[in-house]
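Report on one structure; see the data block that follows.
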Amino acid sequence: MKIGWQSPSNIALVKYWGKRDPQLPSNPSISFTLEACHSQTFVEFEVGQGISLHLDGVDTPSFVPKISQFIERILPRHPWLADYRLTVETHNSFPHSSGIASSASGMSALALCVVDAAIALGHTLAEADPRREASILSRLGSGSASRSVYGGLVAWGETPSVPGGHDAYAIPYPHAVHPLFHTFCDVVVLVDVGQKAVSSTAGHALMDKHPFAQQRFKQAHRHMADLRGILSQGEVLPFLDLVESEALTLHGLMMSSQPSYILMRPNTLHILEAIRQFRHESGMPIGFTLDAGSNVHVLFPKEVEQSAMRFVSDVLAPYAKDHRFIADRVGQGPVSLQ
Ligand code: PMV
């Protein structure tokens with residue numbers, strides 16, 4: 001039995017940073033699901049034992065331990081997997097050398113395949129809704145992957161302003177959203193395409209004893225509440241202010257961890273400054289966010305796409321490694337490849 005899914009990456013607007021067992025978030029988060037950055041994964045399930053993985057057609061044993069760990073974590077919900085051998089073929093739309101993490105798209109694609117296989121084999125899912133089950137499994141693979149199983153704006157975590165929000169799975173954002181946020185653009189400017197100096201796993205762990213942790217978690221709840229009006233009213237500039245504050249807070253937390261570390265590179269800062277200066281001088285609604293790395297996600301509404309893209313190629317690309325950037329936008333979520 002062979003099952004395939006294409007699943008996207010996502011970019012958090014309010015960041016998940018800090019967690020407790022089993023992979024539950026210390027604070028709520030919300031993201032845009034992306035479109036161009038995705039993984040396509042086929043899994044062949046055969047009775048037997050073992051896992052093999054081909055990345056872009058090349059046998060890649062170095063990825064197998066991550067998949068084994070994922071299978072071990074989801075085994076209590078899917079004990080049938082213990083009797084199956086998995087042959088995984090996966091391909092990422094974004095280059096491996098882009099510094100873009102493939103964990104959200106890769107883990108969610110894999111989780112969606114497992115859920116479909118369980119259904120095809122006649123097993124009853126622990127969650128009646130297959131997509132919710134896939135979000136739970138994705139979360140166990142990589143926290144942020146829980147949000148990749150839906151399109152558009154997706155919320156994860158319990159917080160008073162998001163009814164139905166849950167720490168165990170993500171949900172489509174339940175409030176009204178102004179149309180301009182359905183087509184928002186995200187251009188990822190690739191600053192440093194190498195391996196991150198400190199992994200997200202290590203970064204989350206440093207929040208356990210972080211001196212500012214409690215204030216930070218409170219702030220995330222407040223930002224989730226503030227976003228409600230901003231998103232429904234289409235208030236782009238307050239949106240960009242809030243999202244930039246989240247990005248800088250994330251990196252501020254890294255810089256104030258014990259031990260401290262810095263993932264931004266000098267060119268990351270050049271880009272952030274250029275974006276703010278351009279917004280200030282032109283009045284154009286263009287802003288940024290960052291994930292746990294040095295690349296910059298440049299955010300703007302589709303209405304200003306032409307001039308924003310000109311600014312990206314003329315002013316920002318020279319700060320990027322080999323002038324590289326990936327033009328992406330809000331996407332519709334996973335697609336079955338059957
Ligand atoms: O899903 P993880 O464990 O790789 O953590 C992701 C953390 C951030 O990307 C920095 C924030 C987020 O909410 O996606």
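The values are calculated or read from the model by the stated rules, or taken from the named source; none is laboratory data. Computed from a predicted structure; not experimentally measured. Glycine also receives a Cβ, built like all others from the backbone with ideal geometry; neighbour counts cover every protein chain displayed. Heavy atoms of the whole protein, side chains included, go into the accessibility calculation; ligands, DNA and RNA do not. Shrake-Rupley method; radii C 1.70, N 1.55, O 1.52, S 1.80 Å.
Miscellaneous remarks
- Residues being surrounded by 24 or more Cβ atoms within 10 Å (Cβ to Cβ), more than 16 Å from the ligand (Cβ to nearest atom) and in contact (Cβ under 8 Å) with a residue 40 or more places away in the chain - total across region 110-129: 3
- Unmet requirement for R147, which otherwise passes all of (1) within 16 Å of the ligand (Cβ to nearest atom); (2) without any contact (Cβ under 8 Å) to a residue 60 or more places away in the chain; (3) basic (K, R): (2)
- Members of region 150-164 found to be touching a residue at least 24 places away in the same chain (Cβ under 8 Å), over 14 Å from the mean Cα position of the chain (by Cα) and away from the ligand (no atom under 14 Å from the Cβ), listed by number: E158, P160, S161, V162
- Criterion: outside the structural domain of L290 (by TED's automatic domain parsing), more than 22 Å from R279 (Cα to Cα), open to solvent by less than 40 Å² (accessible area, probe 1.4 Å) and among the aliphatic types (A, V, I, L, M) - qualifying residue of A220, A170, A213: A170
- Residue match in region 102-109 (condition: under 18 Å from S336 (Cα atoms), within 13 Å of the ligand (Cβ to nearest atom), part of a helix (DSSP H, G or I) and out of contact with any strand residue (DSSP E or B) (no Cβ under 8 Å at 6 or more places or on another chain)): yes
- Counting only strands (runs of 3 or more DSSP E) that sit wholly inside region 122-240, those with at least 2 residues that are in contact with a His (Cβ under 7 Å, 6 or more places away or on another chain) are 185-189.
- Contact map, region 13-24: first residue more than 12 Å from the ligand (Cβ to nearest atom), second residue outside any loop (DSSP other than H, G, I, E, B), Cβ cut-off under 9 Å, separation 6 or more or different chains; pairs are P22/R73; P22/R139; P22/L140.
- Residue match in region 198-205 (condition: more than 13 Å from the ligand (Cβ to nearest atom) and either on the phi > 0 side of the Ramachandran plot or crowded, with 17+ Cβ neighbours inside 10 Å (or both)): no
- Looking only at residues in region 25-44 that are surrounded by fewer than 24 Cβ atoms within 10 Å (Cβ to Cβ), more than 13 Å from the ligand (Cβ to nearest atom) and more than 15 Å from the chain's Cα centre (by Cα), the one that is nearest to S103 (Cα to Cα) is Q40.
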